[in-house]
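Provided herewith is a single structure, encoded as structure tokens, for subsequent inquiry.
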Amino acid sequence: MKPDFGFGWRSAGLGFLASFLLLLILLVPQAEANGSGRLGEFLDRIKASDIDPAAESFGGIEGNPPAAKLLKGGQPVGYAFLTNDVIDSTGYSGKPINIVVGIDLDGKITGAKLVEHHEPIVLVGIPQAKIEHYIDGFVGRRVLDPSEEGRMPVDIVSGATVTMMVIADSMTQSAVRIARSRNLGTGVAAVASQPAHRTIDQTRSAVETWQTLLGDGSVRRLAITNKELDELFQRTGNAAAIARPQQGDPNASFVDVYVALASVPTVGRSLLGDAEYERLHQDMKPGQQAILVAGDGPYSFRGSGYVRGGIFDRIELIQSEGSIRFRDRNYRRIGAVTAEGAPDFPEIGVFVTPDGSNLDPGAPWRFQLLVQRATGALDKAFVTTGLDYSTPDKFLTAPVSQPAVVAPAQAAVQQAAAADDEPPLWERIWQARMFDVAIMLVAIGVLTGIFFFQDILVKWPRAYERIRLSYLAFTLLWLGWYEHAQLSVVNILTFFNSLRGDFRWDYFLRDPLIFILWSAVAAALLFWGRGAYCGWLCPFGALQEWTNRLARWARIPQVRVPFWLNQRLWPFKYIIFLALFGLSFGSLGLAEEAAEVEPFKTAIILHFAREWWFVLFAIGCLAPGLFIERFYCRYLCPLGGALAVPARMRMFDWLKRYKECGSPCQRCSNDCPVQAIHPEGAINPNECIQCLNCQVLYHDDQRCPVVIQKRIKREKFLALQSPSMVPEPKRKPRVLVTVNGREPSVERKPAAGQAASLEGDDQ
């Protein structure tokens, strides 16, 4: 009797109903309990001088949002507040990232102290000191100054994770709300008079050549060689950066950037062409300026921050004491510079200043470029360089004296209020990664098509094998090593812990690809079990399968684990998962540290660039897979064990079997790469990775004994009808039926009680 590894339709229906009820529970809006806040709890742990060097003590907590006065000699010099008391600062772990921030009476951040967080897995190896350095980058920012819009710490490249974006978002928005509620910095804008002001002369719109624009200063150039870059880092005194000079010819170009104010009609029409300039001019609001940046050389001025977080973290404009940074919504890509004699540039873009940033085209400003250099596996050193820009006098109007004015305090408040209208952080992240989301959805659609049309694909073994290997390569290279979309058992622990507290979907929406993957896995569990993810969408699983393929091509001998031992090794992954699950209810942070039993972070997220003991452990998990295919998946993976539990609720059985499978035929059982087919012929859904190898055999009339017998009978029938109708065999099969060591004819069936096996030889 064959074992039944499923619950059957009745049990599957009950499981589906339970899942549906659970989903309804999760979708019920959760209450947000803010209460009186936790500021007082954390003020006992820090000194007032930690967040404001001028302060001596804390006053009482009061107001809404709650804040404590910072006192010096009994007089207030500012306020201290906790970010999570003001706005939601929940990280990807589902727990708050609590930061105590100080702000003075001028609306300037004076200091900040990270007092609590639960983000060890999301930070992927970023040390505590690096987070604190990132937070310190906000010190000195005037939160109600419009020119500060978009300003971020300089090391955002090295800390560009979801957690870092939550920190930046919570610090800036909470500081704005505190400043607005206490009227901080609103009386500083009174000015008796303003200097002479010059604007762009819109009447001049002649088209000029590239050389003319370079000659009169309309286009400015920043060129740095490898040698000059080394000199810049030497001036910083950073020993680690100095010890890693730029590779290659010292006189070779490192970066070559050209900058121009494209909102000047003559400059814009010359560089962009009439049509592109008109489109740009129509899209700009009053007061906005457009800057064209064209670059060459191995170092990109765009960087990668705008892809992942929507922020151009390598460039900024500085005018007076204000600075302007750009987001992806301020950027448009340009194909070529149209000015006569202009060289070809691999990177060209136009940046429109954010609304309200107030870049004065009649006053000098500076284009600043942030250059980074790797100093270790995860560490980087930074240095800034740039060029000064002044609009040529011929493109400006004559100086006009401005009357005495008093800048209204309300203008700053209105500018800050605009921040409240900005979409939530998770929406901004999704908007910035729409291209990645589209690729992920297409990949999920392709995999769904493979499963739905598997009966057609498996009839073409070579084509199917190429499709599968190509998909696994995509999973490893793009999904894993490039996008770092590797699911982890920590995601499951975090989810269940959040159910015990304040569950909200936006916690999990902050990483689009991970959210899409989990949604796809949840649906696939009902259709195909855990194999849809483990066999196709897991980057570490893909890495194991590819390394095993390479080992086979290198003729490394393969080891087949005896089935009795295989059964006793299976439970280890469930034991590991249950241990982590139980540990997470006591301490989620400790469970996340223990989850390093998964080598995913080392092998996929950090590309093996980690401490030697983590690398050694990851290699130790991969090495047995050279001899035993998917060794880690089969026996140690806690994520696989976690997915196998709900996978038993699957409602459909897509894998076809013959009644002869397992009795007497053992071909599929012997060929299953993860030994998920029992000798009795039943497929264990808890271990199946949906590789469809058994389905390829199911239709193969050269290897499956059952199909071979059918083919032979069909050929005999055709031969009796007409000898000319008998197809030429692809190869001569040999069907062997043994009964107690004897070799009878093909037609003979084994007697009851006799040990029988049916084997198709593919030689």
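Using a 1.4 angstrom probe, figure out how much accessible area segment 237-305 has per residue, in square angstrom, rounded to the nearest whole. Write down the numbers at each step before the final one.
Values: 2860 Å² over 69 residues.
With the other protein chains kept in place, segment 237-305 gives 41 Å² per residue.
Provide the net charge surrounding residue 604, with neighbours chosen by a C-beta distance below 15 Å and charges set as Lys +1, Arg +1, Asp -1, Glu -1. Walk me through the intermediate numbers first.
Details: positive: 601, 610; negative: 483, 511, 545, 596, 598.
With Lys, Arg at +1 and Asp, Glu at -1, the neighbours total -3.
May I pose another question? Sort 588-600, 569-581 by packing, meaning the average of other beta carbons within 10 Å per residue, with the highest value first. Don't skip to the answer; put the middle values down first.
Details: 588-600: 20.0, 569-581: 17.6.
Top of the packing list down: 588-600, 569-581.
Tell me the trypsin sites (Lys or Arg not before Pro) within segment 516-555 that lie in a loop according to DSSP and have at most 13 other beta-carbon atoms within 10 Å.
Values: sites: 530, 549, 552, 555; in loops: 530, 555.
Here the trypsin sites (Lys or Arg not before Pro) that fit, given the DSSP loop and packing criteria, are 555.
Put a dot 7 Å past each Cα toward the Cβ at residue 495 and residue 527; how far apart are the dots in nm?
Label-label distance for residue 527 and residue 495, simple model: 1.7 nm.
Taking amide H atoms as placed 1.01 Å from N in the peptide plane, list the residues 5 or more away in sequence, or in a different chain, whose amide H sits under 5 Å from that of residue 326.
For residue 326, the qualifying residues are 312.
Additional query: Calculate the FRET efficiency for residue 300 and residue 567 from the Cβ-Cβ distance with a Förster distance of 51 Å, rounded to the nearest 0.05. Provide the component values of the computation, followed by the final result.
On the way: r = 54 Å, r/R0 = 1.05.
The computed FRET efficiency comes out at 0.45.
Same structure, new question: Distance check, please: which entries in 72/380; 47/601; 108/130; 108/380; 459/716 exceed 32 angstrom between their Cα atoms? List each step's numbers first, then the result.
Values: 72/380 38 Å; 47/601 37 Å; 108/130 23 Å; 108/380 28 Å; 459/716 23 Å.
Beyond 32 Å between Cα atoms: 72/380; 47/601.
Given 0.36 nm per residue, what is the gain on full extension from residue 216 to residue 388 after removing their alpha carbon distance, in nm? Don't jump to the answer; show the numbers that get you there.
On the way: separation 172, 0.36 × 172 = 61.92 nm, distance 1.40 nm.
Going from the current span to full extension adds 60.5 nm.
Related question: If I model a spin label at residue 466 and residue 439 as a point 7 Å from the Cα along the Cα→Cβ vector, what separation in nanometres do I get?
Inter-label distance under the simple model: 2.3 nm.
How far, in nm, would the chain grow between residue 427 and residue 659 when pulled straight, counting 0.36 nm per residue and subtracting the alpha carbon separation?
Gain on stretching residue 427 to residue 659: 78.3 nm.
Using 0.36 nm per residue, how much length does the chain from residue 452 to residue 235 gain when fully extended, once their Cα-Cα distance is taken away? Write out the running numbers ahead of the final one.
Values: separation 217, 0.36 × 217 = 78.12 nm, distance 6.19 nm.
Result for the pair: 71.9 nm of gain on full extension.
Please tell me the relative contact order of segment 492-627 in percent, rounded to the nearest whole number, where contacts are Cα pairs under 8 Å and at least six residues apart. Before the final figure, lay out the partial values.
Working: 65 pairs, mean separation 38.0, N = 136.
Here the relative contact order equals 28 percent.
Using R₀ = 35 Å, calculate the FRET efficiency as 1/(1 + (r/R₀)^6) where r is the Cβ-Cβ separation of residue 616 and residue 47; round to 0.05. It would help to have the intermediate numbers written out before the result.
Working: r = 42 Å, r/R0 = 1.21.
Computed FRET efficiency for residue 616 and residue 47: 0.25.
Let me ask another. Between residue 671 and residue 623, what FRET efficiency follows from the Cβ-Cβ distance if R0 is 25 Å, with the result rounded to 0.05? Intermediate values should be presented prior to the final figure.
Details: r = 24 Å, r/R0 = 0.95.
The value I calculate is 0.60.
Could you sort 605, 456 by their accessible area in this structure, using a 1.4 Å probe and putting the largest first? Can you show the working numbers first?
Working: 605 25, 456 105 Å².
Most to least solvent-accessible, the answer reads 456, 605.
Another question about this same structure. Testing the spin-label approximation: label points 7 Å from Cα along Cα→Cβ at residue 62 and residue 607. State their distance in nm.
5.5
The values are calculated or read from the model by the stated rules, or taken from the named source; none is laboratory data. Model, not experiment: these values are computed from the prediction. Glycine also receives a Cβ, built like all others from the backbone with ideal geometry; neighbour counts cover every protein chain displayed. The area values use the complete protein model at the heavy-atom level, side chains included, leaving out ligands, DNA and RNA. Shrake-Rupley method; radii C 1.70, N 1.55, O 1.52, S 1.80 Å.
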